[in-house]
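Everything below concerns the one structure shown next.
The values are calculated or read from the model by the stated rules, or taken from the named source; none is laboratory data. Note that the structure is a prediction, hence the values are computed from the model and not measured. Note: ideal-geometry Cβ built from the backbone for every residue, glycine included; neighbour counts use all protein chains shown.
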């Protein structure tokens with residue numbers, strides 16, 4: 001498995017184990033009022049655990065295959081990166097239009113914040129999923 | 001539009017060049033082993049520059065490495 005596919009899997013797993021529970025908890029107890037320290041604390045924990053997993057994961061993968069980690073991306077890696085970023089861009093732009101232009105008329109506070117976070121995470125999931133899919137089918 | 005696909009003889013040329021490994025070919029043209037495997041399998045079309053580099057490694061013209069296979073299509 002190419003090094004860059006491994007790092008994409010790592011990012012997907014890190015998001016699943018941090019923002020998966022975050023959005024599940026949030027959906028079950030939708031906070032409205034601002035500020036909400038419990039909600040902010042929950043987000044801070046999710047973000048820190050994600051950074052920890054990514055940091056340790058990259059360290060582990062880099063030590064297991066230092067040569068691959070040092071090798072700069074080649075033309076196929078860059079093509080896959082471009083494809084994945086353009087796919088994620090559409091998700092992000094649609095999400096931001098919904099969150100920024102539609103939701104303020106119907107919701108407020110943490111609902112909007114969490115919707116924005118959800119769209120960012122969704123865009124990242126699309127980004128890394130396209131990377132994994134592209135490497136899997138060797139494209 | 002003319003339909004077709006790109007085929008290549010990289011596997012044969014590697015064999016004819018002392019069973020050169022994908023990793024070695026990749027190193028010589030500046031791409032990873034996985035990229036060579038993808039090109040060889042016809043899953044990824046390399047840039048023109050990479051294609052010329054591959055031909056240069058095997059010391060053959062580009063047309064001996066890559067071929068354009070046209071498909072017969074119906075209609076305008």
Seminar exercise, completed: Flagged in the range A:102-139 as exposed (fewer than 14 other Cβ atoms within 10 Å of the Cβ) and modelled with pLDDT of 90 or more, in numbering order, are none
For this session: Kindly check whether there is at least one residue in the range B:10-25 that is within 25 Å of residue A:77 (Cβ to Cβ), within 14 Å of chain A (Cβ to nearest Cβ) and in contact with a strand residue (DSSP E or B) (Cβ under 8 Å, 6 or more places away or on another chain).
Result: no
For this session: Test residue A:79 against the stated conditions and say whether it is at pLDDT below 95 and farther than 30 Å from residue A:40 by Cβ.
Result: yes
For this session: Quick one: count up the residues across the range A:68-100 that are within 14 Å of chain B (Cβ to nearest Cβ) and either in a helix (DSSP H, G or I) or surrounded by fewer than 17 Cβ atoms within 10 Å (Cβ to Cβ) (or both).
Result: 14
Exercise. For the subset of the range B:45-76 comprising residues that are at pLDDT below 90 and in a loop (DSSP other than H, G, I, E, B), which member is nearest to the chain's Cα centre (by Cα)?
Worked result: B:71
